[in-house]
Structures are given as structure tokens and as C-alpha cells.
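Chemist: First the structure, then my questions, so here it is.
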Amino acid sequence: IRKILISVAGRGLCEEMFNMLAEIPAIQQASVTVLHVVPPQVTAEAMSAKLEEGGKILADAVKSLKVDPSRITPRLKQGDPKNIVTQVADEEETDLIIMGSRGLTRLEAILENSVSQYVFQLSSRPMLLVKDDVYVKQIRRIMVAMDKSDAAQNSFELALSLVRDMKNVQLYLARVIPEAKPDQVMSNAEADPVLAEAAAKAKRLGVSYRCVLSGGKPGPGICELAEDKNIDLLILGS
Amino acid sequence: SLSDYVRVKANCPVLLSR
């Protein structure tokens, strides 16, 4: 991850999240664009006020990021936030977009013109979504959702590249098997072929890991495992 | 999809790799 785009709205959550990630040596070397977008306003006065406020939001964000200031580029832009975020990410060939999300369901997101939903659908770049109501914690437990797909393999590789240089971090390799019942499989995690293969690779790289297996619907299963294990960052392919 | 569900419901920050 060499280029990170942080879309800031003034609440400070994405900045906090970045600072947790910044403990990862690989992230410290990244260049960071901090973007604030001012949506169209009805009057010139309103626009001027919003731009001024935006400048302050950017200045505060730059101050709060724990990274060498020479690596930060602040950008204040006008327009429709969902288009601008996607556009800037493409322009700068961003490797990771960090942005907030309200945790709306798909329908609510469409009705409410959700920026993160739109960027998720239109951009093919990795995204780190920080929901309004989550508590951003120091990263000690990272979970990666595994299955047989290439997408899961990619996310596993990304997880490995993040945790390799980190001390005191545990990588949870998680799989939910749709055909199984949770209590049938939970004690057999190490024997699962998908997890066993990933575990072998993690072991070779000296990464501290644990395997967790469950059954049932993958979505709720993954969320439940993440909550049970008190996970600080969940990685999954999409 | 799985990523749709998880990014809405998960109780922690979610990194979607592509």
C-alpha cells in the first residue's frame, strides 16, 4: 500500500483509524491524500462558508495524522462527494481508500444517496470503511474471512503483508461453511483444508495466527466470529 | 453478497480487498 486516500468529513473517525494503521511499518511509508469535498450550495455565501469550514476540517485532519507531514497532500474540492472521491482515487491511483460509512442497508443507502455505497460499487480499489458507530481500537486482532475463492486468497495475501512486520498482532483465519451447523464444526478449525493451507503459509512467515471455523450463513457467521473474538480489523475479499 | 452484508453489519472497521 503506497498511496492512501482518506476522505474526511470532520468527525475525525477516519483519521483515528489511519493512526491505528500507521503503526504498521508498511503504512508509515505511504503517501497520504486527505480529501474533503464540499457539495454544491444554493448561494455563494453558503458555498464560501462551506469552503472555509472545509479548509479547517482539512487543517485539523492534517494535524491529527501520525505521519510525516511531507507525505500528506490535503485536497479541498467542490462537487458531488461520491463522484469526486471516485475520481480522485482514480487520478492518484490510490491503493486504499479510507472513508466513513453510516452502515446503511443497501436500500437505505440508495435512498439516502450514500457516498460509501456508491464508491464501493464504482471503484475497484480496496476500501477501508469505518462506520459511525464503531469504536476504533488499536489493531491487535485482525480477522480475514477465508473461502476457496480468489478474492479470499487476495485478502489473505493483503492481511499477511500487513501483519508480517507487526509485533503483538494475532491474525484470525476465519471460515464459515454454509452447509454446516456452527456447533458441528467449531472445534475442527485446524482440520479444515482451506484454513490449514492458509495456516501453513502464515506459519512459514512467522505470523502468529489462530483458525476459527463456523457454519451457517457466511455473512452473519463472519460478523459473529468477529464480535466473539473482539476483532479490531476485518479483512474480506469482494 | 457477503461483502455487502458484512460491511453493513460488522461491528468493527472492515477492509475490503479487491
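We did not get these values from a lab; they are worked out from the coordinates using the rules stated. Predicted, not measured: the structure shown is a model, and the values here were computed from it. Note that each Cβ is placed from the backbone with ideal geometry, even for glycine, and that neighbours are counted across all protein chains shown.
Chemist: Over 31 Å between Cα atoms, which of A:Lys137/A:Lys201; A:Lys131/A:Lys167; A:Lys148/A:Lys229; A:Lys148/A:Lys203; A:Lys50/A:Lys131; A:Lys56/A:Lys82 qualify?
Modeler: Over 31 Å Cα-Cα: none of the listed pairs.
Chemist: List the chymotrypsin sites (Phe, Trp or Tyr not before Pro) within the stretch A:75-153 that fall in a DSSP loop (any state other than H, G, I, E or B) and whose Cβ has at most 14 other Cβ atoms within 10 Å.
Modeler: Taking the stretch A:75-153 and a limit of 14 other Cβ atoms within 10 Å, the loop chymotrypsin sites (Phe, Trp or Tyr not before Pro) found are A:Tyr135.
Chemist: Given 0.36 nm per residue, what is the gain on full extension from A:Leu111 to A:Asn19 after removing their alpha carbon distance, in nm?
Modeler: 29.9 nm is the gain from fully extending A:Leu111 to A:Asn19.
Chemist: Still on this model: For the stretch A:1-102, just list the percent of Cα-Cα distances falling in each 5 Å bin from zero outward, please.
Modeler: 2, 13, 25, 25, 19, 10, 4, 2, 1, 0
Chemist: How large is ³J(HN,Hα) for each residue in the stretch B:8-18, as worked out from phi by the Karplus curve 6.51 cos²θ - 1.76 cosθ + 1.60 (θ = phi - 60°), to whole Hz, x for Gly and Pro?
Modeler: Calculated HN-Hα couplings, in order: 7, 9, 4, 8, 8, x, 10, 9, 9, 7, 10 Hz.
Chemist: Turning to a different aspect of this structure: Counting other beta carbons within 10 Å of each residue's own, what order do A:Asp147, A:Asp192, A:Asp132 fall into, fewest first?
Modeler: A:Asp132, A:Asp147, A:Asp192
Chemist: Given a Förster distance of 41 angstrom, what is the FRET efficiency for A:Asp165 paired with A:Leu76, based on the Cβ-Cβ distance and rounded to 0.05?
Modeler: 0.75
Chemist: Mind checking the dipole of the protein assembly as shown: about its Cα centre, +1 per Lys or Arg Cβ, -1 per Asp or Glu Cβ, Debye to the nearest 20?
Modeler: So the dipole magnitude of the protein assembly as shown works out to roughly 480 debye.
Chemist: Sticking with this one: May I ask for log10 I(q)/I(0) of the stretch A:49-205 at q = 0.13, 0.14 Å⁻¹, from a Debye sum over the Cα atoms as equal point scatterers with solvent left out?
Modeler: -0.86, -0.97
Chemist: Can you list the residues, at least 5 places off or on another chain, whose amide H is less than 5 Å from the amide H of A:Gly103, using H built in the peptide plane?
Modeler: For A:Gly103, whose amide H was placed from the backbone, the distant partners under 5 Å are A:Asp132.
Chemist: For labels at A:Ala191 and A:Ala59 in the simple 7 Å Cα→Cβ model, what's the distance in nm?
Modeler: Once both label points are built, they end up 6.4 nm from each other.
Chemist: Something else: Going by the alpha-carbon gyration tensor, a ≥ b ≥ c the square roots of its eigenvalues, is the stretch A:47-93 rounded (a/c under 1.5) or, if a/c is not under 1.5, prolate (a/b greater than b/c) versus oblate?
Modeler: Cα axes put the stretch A:47-93 in the oblate bin.
Chemist: Quick one: compute the contact order of the stretch A:1-100, relative version, from alpha carbon pairs under 8 angstrom and 6+ residues apart, as a percent.
Modeler: About 44 percent, as a whole number.
Chemist: Let me know the volume per residue of the alpha-carbon convex hull for the stretch A:123-238, in Å³.
Modeler: 111
Chemist: Also, quick follow-up: Of the options A:Ile57, A:Met166, A:Ile231, report the single residue whose Cα projects farthest towards the positive end of the charge dipole of chain A (beta-carbon charges: Lys, Arg +1; Asp, Glu -1).
Modeler: With unit charges placed on the Cβ atoms, the residue in question is A:Met166.
Chemist: Determine one quarter of the surface area of the Cα convex hull of the stretch A:80-146, which equals its mean projected area, and express it in nm² to one decimal.
Modeler: So the mean shadow area of the Cα hull is 5.7 nm².
Chemist: Taking only Cα atoms, what is the 0 to 90° angle, nearest 10, from helix A:44-64's long axis to the longest principal axis of chain A?
Modeler: That helix lies at roughly 50 degrees to the long axis.
Chemist: Compute log10 of I(q)/I(0) for the stretch A:148-214 with the Debye formula, placing one identical point scatterer on every Cα and leaving out solvent, at q = 0.18, 0.22, 0.26 Å⁻¹, to two decimals.
Modeler: Cα-only, vacuum Debye calculation for the stretch A:148-214: -0.66, -0.93, -1.17.
Chemist: Nearest 5 is fine: what % of DSSP beta bridges in the protein assembly as shown come out antiparallel, could you say?
Modeler: In the protein assembly as shown, approximately 5 percent of DSSP beta bridges are antiparallel ones.
Chemist: List the relative contact order of the stretch A:122-238 as a percent without decimals, with contacts defined as Cα pairs under 8 Å and 6+ residues apart.
Modeler: 37
Chemist: Right, another one. Tell me, what is the percent relative contact order of chain A, built from C-alpha pairs under 8 Å that lie six or more residues apart?
Modeler: Normalised by residue count, the contact order of chain A is 19 percent.
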